[in-house]
């Protein structure tokens, strides 16, 4: 007896339920981040999510190793996450009277993760066939989520919430606009990377994601250097980075021949499926927000 495949409406409803549960989790995280030890809670959650992503690199073959060193790629990813977190805590402490300049911290964090990758290549924990791919994979997975610790210290809970919302609201808008209007406007801009992504979904994501910027400007984001232009630019850049992160993860899954990075979150997939938009939007915010907003040294 054959079992019929779930309808499109059923899939949308299931994903909406999972998304609602995850939104509650983000709300609890932001509430916890407002406590005295909030930045460390954010760091712990970021490290835990990053380690979940590292575990999924094996299925996606992002850190392949020699046959005699199977599993060492995952260990290298774990080491990179630990080093990233340790570097952040060493350089920046909550409530400190002074702290290093923003780009000094970001640069030190980047160099620390790169150093882990170089050591892994030197000791043959991972294949030397594609060294730049190994370094890029470690930067992509190990750096952004622990770096949310720096975001909450420099911009507060409101800034952290704004970054998460700007990263995910476009993702949500793109999913629903693509599902509701994609059949009517079936153009696919990235057929090789993400065959299911439609142009209307990309545009819906960008429009809603950029429009969300002014809504968060009052009390959420730091003081803009150039008024509304800074707010719109920040929202647009975060949205474009979020969409690029989704495409990058789709390309990795397509190359590995898998539909989802994991199954932990049901119809929403695994850890990488859940946080793919943040994996590029956080670095983009770290680089561009100090140029667009006041008070970020």
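Bear in mind that the values in this text are calculations on the coordinates, not laboratory data. Please read all numbers here as calculations on a predicted model, not as lab measurements. Neighbour counts are summed over all protein chains in view; Cβ atoms, including those assigned to glycine, are modelled from backbone coordinates with ideal geometry.
Exposure proxy shown here: for 78, 54, 47, 238, the number of other Cβ atoms within 10 Å sets the order, fewest to most, as 78, 47, 54, 238. Calculated [222 nm] ellipticity per residue, helices only, for the chain: -23500 deg cm²/dmol; basis is -39500 (n - 2.57) per DSSP H run with n ≥ 4, divided by all residues, nearest 500.
Please order 141, 164 by the number of other Cβ within 10 Å, starting at the fewest. Kindly include the intermediate steps, with their values, before the conclusion.
On the way: 141 28, 164 21.
Going from sparsest to densest Cβ surroundings: 164, 141.
Working from Cα pairs under 8 Å separated by at least six residues, relative contact order for region 81-167 is 33 percent. Across region 129-249, C-alpha contacts under 8 Å between residues 6 or more apart give a mean separation that, scaled by the residue count, equals a relative contact order of 27 percent. If you build a Gaussian network model of the chain, linking Cα atoms that sit under 10 Å apart, which residue out of 167, 281, 34 swings the most? Fluctuation is largest for 34. Among 202, 35, 45, 53, a tally of other beta-carbon atoms within 10 Å of each Cβ gives an order, fewest to most, of 35, 45, 202, 53.
Put one equal scatterer on each alpha carbon of region 22-161, apply the Debye formula with no solvent term, and list log10 I(q)/I(0) at q = 0.16, 0.18, 0.19 1/Å to two decimals. Each listed q maps to, in turn, -0.81, -0.95, -1.02. Note on region 136-175: along the principal axes its Cα atoms extend 28, 28, 8 Å, ordered by decreasing extent.
Mean separation of Cα pairs under 8 Å and 6+ residues apart, divided by the residue count of the chain: what relative contact order is that in percent? Don't jump to the answer; show the numbers that get you there.
Values: 426 pairs, mean separation 61.1, N = 297.
21 percent.
Given the choices (1) 27.2, 106; (2) 18.6, 58; (3) 19.3, 69, Rg and Dmax of the Cα atoms in Å derived from the coordinates of this structure is entry (3). Highest average first, the peptides 251-258, 82-89, 145-152 ordered by how many other beta carbon atoms sit within 10 Å of their residues are 145-152, 82-89, 251-258. What whole number of Å gives the distance from the Cα centroid of region 47-101 to the Cα centroid of region 218-297? A separation of 19 Å, based on Cα centres. From the Cα gyration tensor of region 81-234, with a ≥ b ≥ c the square roots of its eigenvalues, which class applies: rounded if a/c is under 1.5, or else prolate if a/b is larger than b/c, or else oblate? Oblate.
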